[in-house]
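I have placed the structure first, in the form of structure tokens, so that the comments after it can refer back to it.
What follows draws every value from the coordinates through simple rules; no lab data is involved. As the structure is a computational prediction, the values presented were derived from the model and not from experiment. Cβ: placed from backbone, ideal geometry, glycine included. Neighbour counts: every protein chain shown.
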Amino acid sequence: MNIFFLTLLFFVLVYLALNWFIKTSSAKISKSIRTFVIIFSLILAAVMAYAGRFIFSLPFLMMILPLIKTKAGFTLLQVLRFWSLLRILKNSGRFSFNQMGSNLNTKNISRDEAYKILNLDPSKRYTKEEILKSYKKIMKKIHPDISPELTRLASIVNEAKEVVIKDLN
């Protein structure tokens, strides 16, 4: 029943808008559209300023991801994996955007942390080739030659690779 009333309301509004367009001069329509766009932009700016703390959240990223075409050609799965890697490192205290200049690598990476960083299961046995394949897959996206800002992250992934390879012996 609600759908019927909503549809009826929609058609009445469309009819009134079209009727207004027919009876109004093009200059007045143009001025009305400009005014609407300006008011809508101001409201949107106020909403974005208020909700700015949510702009880098994962749901927002998922919503705008189809609109973003990165230079490196990230796929959705790669972006989620990269976000997961940053989250693991941030939770362990090894990587922080607020302290880029400081040395956060005062302790060694644990075995489980190293496996998580390389997206490997700690309970499975891997060959050196499988470890290097996983390492290379990550390093293709975060290598310092691609982006110098990722130097710290690349060094953490290098350290994780060394820990996992030592664990083979």
Could you check the spin-label model distance between Ala45 and Thr7? Points 7 Å from the Cα along Cα→Cβ, value in nm. 4.1
Would you mind putting 156-168, 122-134, 18-30 in packing order, based on average other-beta-carbon counts within 10 Å, highest first? 156-168, 122-134, 18-30
Point-to-point label distance, Asn158-Arg34, nm (Cα→Cβ direction, 7 Å offset): 5.9
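Calculated FRET efficiency, Asp145 and Ile165, Cβ-Cβ r, R0 22 Å, to nearest 0.05?
0.45
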Which of the aspartates and glutamates could a cross-linker span from Lys124 if the Cα-Cα distance has to be under 16 Å and same-chain partners fewer than 8 positions apart are dropped? Asp112, Glu113, Asp167
Under Stokes-Einstein, with the Kirkwood radius over Cα pairs standing in for Rh, what whole-number D in µm²/s applies to the range 2-50 at 20 °C and 1.002 mPa s? 165
